[in-house]
1. Given the range 145-197, what whole percent of its Cα pairs are spread farther than 18 Å?
2. Could you sort the peptides 7-17, 33-43, 150-160 by per-residue average Cβ neighbour count (10 Å cutoff), highest mean leading?
3. How large is the direction-averaged shadow of the alpha-carbon convex hull of the range 16-168, in nm²?
4. Can you pull the accessible area of VAL183 for me, 1.4 Å probe, Å² to the nearest 10?
5. What number, in percent, do you get for the relative contact order of the chain if the mean sequence gap of Cα pairs under 8 Å and at least 6 apart is divided by its residue count?
6. Report relative contact order for the range 24-122 in percent, whole number only (criteria: Cα-Cα under 8 Å, sequence separation at least 6).
7. Past the 30 Å Cα-Cα mark, which pairs from LYS30/LYS144; LYS33/LYS144; LYS132/LYS184; LYS97/LYS184; LYS82/LYS144; LYS74/LYS184?
8. Residues of the chain: accessible area per residue at 1.4 Å, in Å²?
Amino acid sequence: MNAPIIEAHPFPPIFPPHARVMMMGTFPPKEDKRCMHFHYPNFQNDMWRIYGLIFFHDAQYFQVPNEKRFDPVKIERFLREKGIALCSTVQRAIREKDNASDKFLTIVQPVDLALALQQVPSCRWLFTTGGKATETILSLLNEKVRLPQTNQSVACYYAGRELTLYRLPSTSRAYPMSLQNKVKSYRTFFEQAGILP
C-alpha cells in the first residue's frame, strides 16, 4: 500500500497590517481544478462572486472578462484595501479521496494561529467558511468552546486576545444553500464586523 501523500497549502496568507477580520478556510482543490494561483481557485466555487455581489453588486467583478478564471491581483488588492486577512486553518494535509472535500481531508498540521494573529494586531474577528475550518480553530483553543451553528458566532480568548469566531456557510456549490442566501449570510457578517456600514 502506498504511503499517503502529505500536501502543503500552496498559497501564502494575506495579512493586511490593519486587518480587523480574518477569513479562514481549509484546503484548495487539486491543481487541475484551479483557475488561478490564489485562495478559492475553483471557478465553480462562488466565494469571489459573493464578494463581488456584496461589495460591488456584480457577481463577475473579480472575474477576468470573457474568461473562466478570477483575477488574483484584483482580489488581493481589494482584501488589503478593506483590511480582510485571509489565512487557511490547515498548513499540511492528506487528501484521503484525492479531492477537495473537507469530509475526506486529514489535517497533518493546523495553522499556527498565535503566529497568524501576531501579523494582524487589530484583528478581533475570525470567520470560517465551513464546518471543518470551524472545528479546526476550536481544537486550537485552550478552553472548550461550543461549536457554533452556521451563521452564528462564539466568543473565545486566544493568545492574549478576545476574539469572536463566526461560522459562515461553505461557498462550494456542493453545500446546499442558494447563492442568494450565502450572499445574505456573508453580508450580515461584514455588517456586524464593521466592514460594511
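The values are calculated or read from the model by the stated rules, or taken from the named source; none is laboratory data. Everything numeric in this text was worked out from a predicted model, so none of it was measured. Glycine also receives a Cβ, built like all others from the backbone with ideal geometry; neighbour counts cover every protein chain displayed. To get the accessible areas, we keep the full protein, side chains included, count just its heavy atoms, and leave off ligands, DNA and RNA. Shrake-Rupley method; radii C 1.70, N 1.55, O 1.52, S 1.80 Å.
1. Values: 567 of 1378 pairs.
That fraction is 41 percent.
2. Packing proxy ranking, top to bottom: 33-43, 7-17, 150-160.
3. Dividing the Cα hull surface by four gives the mean projection, 9.1 nm².
4. 10
5. Values: 349 pairs, mean separation 50.3, N = 197.
Normalised by residue count, the contact order of the chain is 26 percent.
6. With pairs under 8 Å counted, the relative contact order is 25 percent.
7. LYS30/LYS144; LYS33/LYS144; LYS97/LYS184; LYS82/LYS144
8. Working: 10150 Å² over 197 residues.
Accessible area per residue: 52 Å².
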